[in-house]
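Chemist: If you scroll down you'll find the structure; I have some questions about it.
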Amino acid sequence: MRVEEAIGRQIARLRAERRMSLTELGEALGRYLDRPWSRQAVHQAERGQRSFTAAELTALALVLDTSVPVLFRVEHERIELPGGAVSPEDYRGLLLSREPDMPLDGVEELIVALHDIGEVLARPALARLARIGRVAEQVAGPDL
């Protein structure tokens with residue numbers, strides 16, 4: 001996936017979570033940029049069909065009430081750059097400003113921990129165990 005597509009996915013996800021229309025997001029961006037984005041410009045951005053300036057990324061983060069690194073977030077996909085691909089692990093480390101010999105600060109440690117917890121909770125075996133536990137509680141009754 002190209003980095004522009006990763007950013008576009010996050011813009012679309014965050015816009016939907018905030019129940020903003022394409023037009024509303026474009027108009028809100030106009031408060032921070034020279035002019036608002038058209039509905040079509042927002043749509044192109046969400047589809048990864050445009051590059052972003054630093055000012056645009058900053059305005060998007062402000063309007064969507066998030067941080068710039070969140071706009072770059074991807075889960076398990078390689079990021080394609082013009083000169084080659086970046087592994088998901090290296091890309092995530094890049095977003096966290098993590099160097100091998102540099103300890104993470106508290107916020108970055110929390111982000112990494114939450115990501116790891118999310119991966120564990122998504123495992124099918126864990127979901128089955130949770131269902132078994134709920135059934136066992138129902139069978140045993142409230143005394144268990």
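The values are calculated or read from the model by the stated rules, or taken from the named source; none is laboratory data. Since we're looking at a predicted model, the values are computed, not measured. Cβ: placed from backbone, ideal geometry, glycine included. Neighbour counts: every protein chain shown. The area values use the complete protein model at the heavy-atom level, side chains included, leaving out ligands, DNA and RNA. Shrake-Rupley method; radii C 1.70, N 1.55, O 1.52, S 1.80 Å.
Chemist: Do any GluC sites (Glu not before Pro) in the stretch 40-97 lie in a DSSP loop with no more than 13 other beta carbon atoms within 10 Å, and if so, which?
Modeler: Filter output for the stretch 40-97: 75.
Chemist: Taking R0 as 41 Å, what FRET efficiency do you get between residue 1 and residue 138 from their Cβ-Cβ distance, rounded to the nearest 0.05?
Modeler: Working: r = 43 Å, r/R0 = 1.05.
The calculated FRET efficiency here is 0.45.
Chemist: Take 65, 90, 34 and sort them by solvent-accessible surface of the protein heavy atoms, 1.4 Å probe, largest at the top.
Modeler: Details: 65 120, 90 100, 34 165 Å².
Ranked list, largest accessible area first: 34, 65, 90.
Chemist: Once the piece of chain linking residue 80 and residue 49 is laid out straight, how much longer is it, given 0.36 nm per residue of separation minus the C-alpha distance between them? Working shown, then result.
Modeler: Values: separation 31, 0.36 × 31 = 11.16 nm, distance 1.42 nm.
Computed gain between residue 80 and residue 49 is 9.7 nm.
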